[in-house]
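A short worksheet on the structure shown next.
The values are calculated or read from the model by the stated rules, or taken from the named source; none is laboratory data. In this text the structure is predicted, and so the values were computed from the model without any measurement. Every residue, glycine as well, gets a Cβ built from its backbone with ideal geometry; the counts of neighbours run over all protein chains shown. For accessibility, only protein heavy atoms count, side chains too; no ligands or nucleic acids. Shrake-Rupley method; radii C 1.70, N 1.55, O 1.52, S 1.80 Å.
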Amino acid sequence: MNRIRLSHALFAAVMIWLGVMGLSKGTFVQVWQPVPKWVPAREVLAYLCAFISLASGLGLFWKRTAAIAARVISASLMVWLLVLRLPNLFYEKPLVLVAWTFGSTAVMVAAAWVLYVQFASDRDRQRLGLLADERGVRVARVLYGLSLIPFGLAHFMYLDATTVLIPGWLPWHAAWAYFTGATFVAAGLAVAVGVWGRLAAALSTLQMGLFSVIVWVPRVLAGPLNDFQWGEFVVTWALTAGAWVVADSYRGTRWLAVGTRPPATGS
């Protein structure tokens with residue numbers, strides 16, 4: 001039977017957190033920003049996104065509702081990715097920052113897609129095919145891998161903005177920025193092409209988690225954060241949770257495998 005793993009539980013908890021933040025503030029939290037000015041009924045849409053996030057997060061905690069919750073959140077995030085993120089790659093600048101926002105949404109889409117395949121019924125697989133079977137897991141992994149590349153490139157293009165986030169007790173700030181940027185790019189390529197994908201996904205998840213713990217947790221403990229900083233803190237955990245879900249999809253494959261298929265769904 002499908003089990004609710006720690007990665008699954010963390011992703012669900014973060015979705016609940018995002019939903020509560022959105023409903024309490026009545027605006028888009030960072031995971032949905034930026035929102036183009038042409039989008040109508042922005043306040044209504046902000047509440048709708050928050051409600052979907054909250055309801056889906058709660059639904060992911062119960063096996064009876066996990067499949068529909070994963071379907072709803074993956075579908076809503078996919079619409080956001082295709083309608084509000086993808087077009088920006090062709091006419092918005094600077095491209096690296098636009099690609100970063102595309103990638104952050106893509107990580108969430110990939111994670112929700114993996115969860116949907118995990119909990120999809122045989123009927124779903126027969127009716128929806130690629131969207132609900134192991135091929136969908138492979139596509140989700142590629143999407144996740146591609147999303148890591150702009151994360152890494154941003155470290156090189158915006159070195160000053162990256163180094164300022166590195167704690168003072170760590171030496172060689174520029175070297176750490178270059179190193180973590182290079183590892184994001186390398187991990188993204190490895191996952192996308194299927195070379196040592198499990199190892200690359202696990203290490204990229206670890207890197208995001210360490211960023212959350214080393215950079216943001218001390219800031220939270222040091223004093224009150226403003227709304228933007230709280231949003232960034234939650235988004236970092238959302239990306240970590242999404243990465244962990246994707247990394248968990250490799251269970252049953254070898255760490256240094258090349259071109260492996262996902263294990264059978266429902267295991």
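Key figures for this structure:
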| quantity | calculated |
| --- | --- |
| Potential lengthening between Ala9 and Arg254 on full extension [0.36 nm per residue; Cα-Cα distance subtracted] | 85.8 nm |
| Label-point gap, in nm, between Val164 and Ile214 - each point 7 angstrom along Cα→Cβ | 2.0 nm |
| Share of carbon and sulfur in the accessible heavy-atom surface of the chain [1.4 Å probe, %] | 70 percent |
| Kirkwood hydrodynamic radius (C-alpha pairs) into Stokes-Einstein, region 1-53, 4 °C and 1.567 mPa s, D in µm²/s | 108 µm²/s |
| Extreme residue, positive dipole direction of region 31-170, given options Leu153, Gly57, Leu128 (C-beta unit charges) | Leu128 |
| CD proxy at 222 nm, helix term only [per DSSP H run n ≥ 4: -39500 (n - 2.57); per residue of the chain; nearest 500] | -23000 deg cm²/dmol |
| Size of charge dipole - the chain - debye, nearest 20, with Cβ of Lys, Arg +1 and Asp, Glu -1, no other charges | 740 debye |
| For region 24-144, size of Cβ-based charge dipole, Lys and Arg +1, Asp and Glu -1, in debye | 80 debye |
| Length released on extending from Lys25 to Leu58, taking residue separation times 0.36 nm less the Cα-Cα span | 9.9 nm |
| Long-range amide H partners of Val195 with built H, under 5 Å | Gly259 |
| Region 1-114: relative contact order as a whole-number percent, Cα under 8 Å and 6+ apart | 26 percent |
| Residue-normalised accessible area of the chain, given per residue in Å² at a 1.4 Å probe | 50 Å² |
| Estimated Rh, region 1-103: Kirkwood, alpha-carbon pairs, angstrom | 14.5 Å |
| Rel. contact order, % - alpha carbon contacts under 8 angstrom, at least six apart, the chain | 22 percent |
| Ordering of 95-106, 239-250, 72-83 by packing [mean C-beta count within 10 Å, highest first] | 239-250, 95-106, 72-83 |
| Global form of region 23-172, assessed from the alpha-carbon gyration tensor, a/c cut-off 1.5 | prolate |
| Sorted peptide list for 12-21, 47-56, 124-133, 25-34, criterion being average Cβ within 10 angstrom, highest first | 12-21, 47-56, 25-34, 124-133 |
| Region 149-232, relative contact order [Cα under 8 Å, separation at least 6], % | 28 percent |
| Size descriptor, Kirkwood hydrodynamic radius, that averages inverse alpha-carbon separations across region 115-267, Å | 16.8 Å |
| Peptides ranked, highest mean first, by Cβ atoms within 10 Å: ranges 222-231, 148-157 | 148-157, 222-231 |
| Residues of type lysines that Lys25 reaches as a straight line, Cα spacing below 21 Å, ignoring anything fewer than 8 places off in the same chain | Lys37 |
| Gyration tensor verdict on region 70-112 (Cα atoms; rounded if a/c is under 1.5, prolate if a/b is larger than b/c, oblate otherwise) | oblate |
